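The values are calculated or read from the model by the stated rules, or taken from the named source; none is laboratory data. These numbers were taken from a predicted model, which means no experiment stands behind them. Glycine also receives a Cβ, built like all others from the backbone with ideal geometry; neighbour counts cover every protein chain displayed. These accessible areas exclude ligands, DNA and RNA; they are computed on the full protein's heavy atoms, side chains included. Shrake-Rupley method; radii C 1.70, N 1.55, O 1.52, S 1.80 Å.
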Amino acid sequence: MEIDRQHTDTHGASIVEFAFAHMLGFNLLPRLKNVASARLYRSAAGEDEKWPHLAPVLSTKTIDWDLIRQQYEQIVKYTTALRLGTAEAEQVLRRFTPRRAQAPHLSRD
């Protein structure tokens, strides 16, 4: 069976899940509980004039391109393992997800 989309609740929508969905060639379609408060990361600082109509939904945060470059080989490695069935999705996602995000009730923030 070919999967082209995956629906999930809010808890299944993180940057990590979106990255692996993209790498595996399907769309992650979350039902976001607080969609009105969602913000998009900027591609770079100081480029607001390129997207004036997006200003209300843009975060002050920018995409961490260096982090993506640093982790890219690992992401490709684990994506391949998922495709081949030699790794479980839960184990792979846990590797790329901070502990606080895995168990928010353990966070002291």
Point-to-point label distance, residue 86-residue 43, nm (Cα→Cβ direction, 7 Å offset): 3.5
Rounded accessible area per residue of segment 41-98, 1.4 Å, Å²: 79
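Between residue 55 and residue 26, what is 0.36 nm times their sequence separation minus the Cα-Cα distance? Round to one decimal in nm. Please list the in-between numbers first.
Numbers: separation 29, 0.36 × 29 = 10.44 nm, distance 2.81 nm.
Going from the current span to full extension adds 7.6 nm.
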3J(HN,Hα) from dihedral phi, segment 73-81, Karplus parametrisation 6.51/-1.76/1.60, rounded to Hz, x for glycine, proline: 4, 5, 4, 4, 4, 6, 4, 4, 4
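Go through 68-79, 20-31 and give me the packing order, highest mean Cβ count within 10 Å leading.
Working: 68-79: 12.8, 20-31: 14.8.
Ranking, from highest mean packing down: 20-31, 68-79.
Assuming R0 = 35 Å, what is the FRET efficiency of residue 34 and residue 76, from their Cβ-Cβ distance, to the nearest 0.05? Spell out each step's value before the answer.
Numbers: r = 32 Å, r/R0 = 0.92.
Working from the Cβ atoms, E equals 0.60.
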